[in-house]
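Reviewing the structure listed below.
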Amino acid sequence: MGRAEERRARQRGGRRAAPKSRHSSAAAGVKPKKSGIRRLFSWKKILGTFFGLCLLGIGAFIALYMMVDIPKGNAAAQQQSNVYEYSDGTILARVGETNREIVELSEVPKPVQYTFVAAENKTFYTDAGVDLKGTARGLLNTLSGKGKQGGSTITQQYVKNYYLNQDQTVTRKLKELVISLKVDRTTSKDDILAGYINTSYYGRSAYGIQAAAQAYYRVDAKELSVAQGAYLAALLQAPSQYDWQAATDTGKALVKERWNYVLNNMVEEGWLTKAKRDAMEFPVPKEPKGAPGLDGQKGYLVDLANRQLEDQLMKEQGISRDEAEAQVENQGWTITLNIDKKKQAELEQAAKTQLTSKLDPDKRSVDKNIQAGAVSVDPKTGKVVALYGGVDYYKHFRSNATRADYQPASTFKPVILAAALEENAKTQDDKPITASTIYDGTSKRPVVDNGTKVGFAPENEDDQDYGDVTVQTAMNKSINSVFAQLGVDVGMDNVLEVAGKLGMDTTDLKAVPAQTLGTMGASPLQMAGVYATLDNHGKKVTPTILKSAEHNTRTVELPDPIGDQVLSRETADTVTSVLTGVVDDGTARTSVRDNSERDGQQVAGKTGTSDDNKSAWFTGYTPDLVTSVGLFGEDAKTGAQTKMYGAGGEERVNGGGFPAQIWAAYTFGVSAKNSKFDLDTDQGAAVQPTKSATPSRTPSRTPTQEPTTEPPTTEPETSEPATTEPPTQTPTTTPPTTTRPPATPTTSPPADGTTPEDPLDPREDDTL
């Protein structure tokens, strides 16, 4: 043994060895012990698991590929009749002849063929028929409930249209992938493209390019221009949203953007020269036409039923509007509507006798531009029992009952009052706002907020000054200046919040004082829902035309039209009470209060006439029926909004004129006789009669006054002194809410203390 070895031996035996570090163990070749987590998850195990799953997935896909065959085309077989029924089960319409005509690809100009490839799948002519990345994304979105996402190739979309269905399931997507691979191997690209453009849905009940060419441009597919083809190709992404005639401004901007995208892709691929592309203008489609068998009001009823069913399918399945539309159109549904045959007939007759029979386009050119829409709702159930969408579905395709592009004008004023009562709002002088609160009704009076003018001073109708009036009188006479100040006192954010709760679309509205004049868009359907909620004592009513919807063995679960309490009962009933004054002493008295067909029904309602007389409304209700009637000026050729001055021989079309007349002729023929509101309030005209009410309907406030049968008819409406107002919860000596002194009446009041009115003058005051 050498000296070195002897020394190491003595060291080992002579003293305790130092603890071994992890590094010294590793240097000595000893493996350190692993923690529990490291023993469970090692990179080898993770990698092995990954490759194992990959092999398993590949094996499963190979098995699926072997098992799934290309099925027989069934798209045509899936198109079945939809049956639509009245509420009593009798047939309203049967819609089922699919609007499709198959054309050979050779009948479609080659450049038009390229528009579809440029829009959907630029690699169509070279790919294997599938987009693995897009399919994987679609599977993940389906599993996570996000619905439709782009990425499918033309081949995959053709397979979905022709061999499968529109269901958003993992199974269907996997089948789509396998069948697409097989179809691409066995079918030429031209045949796939032909199948795709012939089976796709383009909106307007048009399936296939030939039907689409006729629906949008009134030409055959072989006559389509490249610009028109690019529009149809762009349309496939969202037919409902991109249909030019029904699209919102956003929808029009989006479809134009996609149209440009299609043409730019064609230039990029060499299918179109830049010079031709630059010379192209957007080809605006023609007005749509109604489907066969949907004449008169039928088309309007069917359209709303389909729309509301699509809404429910979108909510249930998380799918897009276009996917829902594909599931509804001609798919064998039996759809029962809430439409009451008798009420529907009465509403149609009222529109004819009170409006359309009085229009003479040959005598007055403005008469050809008058459109009417109406919706009638049962406030206790939310059922749409009658609907008027226009003179005829074939003559005016767009439903005036559901269009929301015209101002509701002063029919919005009850929403402002509801917000004031619900928020316990106060005036600028810190006085509680009630039906008896006094405001300054001077025309063009600047609106004030905390002593500062807000830059808004609306004009009353005919620039008339009313002086100091109660909120009740301001509602009766629809005084703009009062409600502009009232809206600011409540807070416009609060006003719009209440409007949203009542069912109006306030998504993009700015909380500015001008909204107090009803300058937003609204439909008769929406306004019927707002007033039905008031009639239903503040419980939300969402009008529905659907009674039931059944498809084979499946029945769609429909939501309850009656929702939560969105206003307190006292608030809703107070607004109703106030609105009875509009009928008995306000702008609707001639057409409604004095109507010979009225049989004791108590009525609440509000007139409205928009700026420049482009729309006129009456939305009113009895205890058992709510109906909103709107008249709209629409250019018969361009569809632009137009003024209605002179229509029907009237100097001005007001809410108290034709709309209120239609309302009364319909309502008094179908509503319960002698019906009275059950009101939980101590405010408003229904419980505190206004001074000019007819003795036969409501007693005079002052017993010592000699009753009169009619108010004066020869003098104009004038400003009122505060002392003639009905009893209030606050003293009538309360100062006005603005800093100006009380106005002096412009004429001497009659000896009996009432304010002179003209019951034969249905003039409104709703212009801006």
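Worth pointing out:
- Restricted to helices (runs of 4 or more DSSP H) entirely inside segment 103-193, those with at least 1 residues that are at pLDDT below 75 and under 33 Å from the mean Cα position of the chain (by Cα) are 132-144, 170-186.
- Restricting attention to segment 232-253 and to residues that are hydroxyl-bearing (Ser, Thr, Tyr) and surrounded by 18 or more Cβ atoms within 10 Å (Cβ to Cβ), the residue that is modelled with the lowest pLDDT turns out to be SER240.
- The lone exception for ALA474 - which of (1) over 22 Å from THR519 (Cβ atoms); (2) buried (at least 24 other Cβ atoms within 10 Å of the Cβ); (3) of a type outside the set (Lys, Arg) it fails: (1)
- Going through (1) surrounded by 24 or more Cβ atoms within 10 Å (Cβ to Cβ); (2) at pLDDT 95 or above one by one, SER610 falls short only on (2).
- All helices (runs of 4 or more DSSP H) inside segment 452-506 with 2 or more residues being closer than 25 Å to VAL603 by Cβ and either within 26 Å of the chain's Cα centre (by Cα) or free of Cβ contacts under 8 Å to residues at least 40 places away in the same chain (or both): 492-501
- Qualifying positions in segment 437-486 - closer than 25 Å to THR580 by Cα and among the aromatic types (Phe, Trp, Tyr): TYR439, TYR466, PHE483
- Qualifying residue in segment 237-249 (condition: aliphatic (A, V, I, L, M) and either touching a strand residue (DSSP E or B) at 6+ places or on another chain (Cβ under 8 Å) or assigned to a helix (DSSP H, G or I) (or both)): no
- Being more than 30 Å from LEU337 (Cα to Cα), part of a loop (DSSP other than H, G, I, E, B) and acidic (Asp, Glu) holds for only one residue in ASP430, ASP392, and it is ASP430.
- Residue in segment 558-567 that is over 22 Å from ASP303 (Cβ atoms) and buried (at least 24 other Cβ atoms within 10 Å of the Cβ) present: yes
Residues are listed down the side, and each one gets a yes or a no for (1) without any contact (Cβ under 8 Å) to a residue 24 or more places away in the chain; (2) surrounded by 18 or more Cβ atoms within 10 Å (Cβ to Cβ); (3) polar (S, T, N, Q); (4) in contact with a strand residue (DSSP E or B) (Cβ under 7 Å, 6 or more places away or on another chain):
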| position | (1), (2), (3), (4) |
| --- | --- |
| ILE319 | no, yes, no, no |
| GLU329 | no, yes, no, no |
| LYS352 | yes, no, no, no |
| SER376 | no, yes, yes, yes |
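- Here THR555 clears all of (1) under 22 Å from GLY529 (Cβ atoms); (2) out of contact with any Lys or Arg (no Cβ under 7 Å at 6 or more places or on another chain); (3) polar (S, T, N, Q) except the condition numbered (1).
- Residue list for segment 205-216, filter: buried (at least 20 other Cβ atoms within 10 Å of the Cβ) and either in contact with a Gly (Cβ under 7 Å, 6 or more places away or on another chain) or in a helix (DSSP H, G or I) (or both): ILE209, GLN210, ALA211, ALA212, ALA213, ALA215, TYR216
- Subset of segment 394-427 that is more than 26 Å from ALA532 (Cα to Cα) and at pLDDT 95 or above - its residue that is surrounded by the most Cβ atoms within 10 Å (Cβ to Cβ): THR427
- Set side by side, the residues VAL375, VAL284, VAL366 differ, and just one is of a type in the set (Val, Ile, Thr) and within 28 Å of ALA230 (Cβ to Cβ), which is VAL284.
- VAL583 passes every criterion in (1) aliphatic (A, V, I, L, M); (2) surrounded by fewer than 18 Cβ atoms within 10 Å (Cβ to Cβ); (3) within 20 Å of GLU461 (Cβ to Cβ) apart from (2).
- Residues satisfying the criterion are present in segment 262-282 (criterion: within 29 Å of the chain's Cα centre (by Cα), surrounded by fewer than 19 Cβ atoms within 10 Å (Cβ to Cβ) and either over 21 Å from ASN161 (Cα atoms) or aromatic (Phe, Trp, Tyr) (or both)).
- Index of the failed condition, ARG94 passing every other in (1) basic (Lys, Arg); (2) modelled with pLDDT of 65 or more; (3) out of contact with any Ser or Thr (no Cβ under 7 Å at 6 or more places or on another chain): (3)
- Scanning segment 634-680 for residues that are part of a loop (DSSP other than H, G, I, E, B), in contact (Cβ under 8 Å) with a residue 40 or more places away in the chain and of a type in the set (Val, Ile, Thr), we see that the one that is surrounded by the most Cβ atoms within 10 Å (Cβ to Cβ) is VAL653.
- Residue in segment 292-306 that is modelled with pLDDT under 95 and among the charged types (D, E, K, R) present: yes
- Residues of segment 540-583 that turn out to be without any contact (Cβ under 8 Å) to a residue 60 or more places away in the chain and in a strand (DSSP E or B), as a count: 6
- Selected residue [modelled with pLDDT of 95 or more, surrounded by 21 or more Cβ atoms within 10 Å (Cβ to Cβ) and among the aliphatic types (A, V, I, L, M)] from VAL490, VAL448, VAL391: VAL490
- Helices (runs of 4 or more DSSP H) fully within segment 267-382 that include at least 3 residues being polar (S, T, N, Q): 298-317, 341-354.
The values are calculated or read from the model by the stated rules, or taken from the named source; none is laboratory data. Here the structure is a predicted model, which means the values were calculated and not measured. Because the Cβ atoms are built from the backbone with ideal geometry, glycine has one as well, and the counts that use them run over all protein chains shown.
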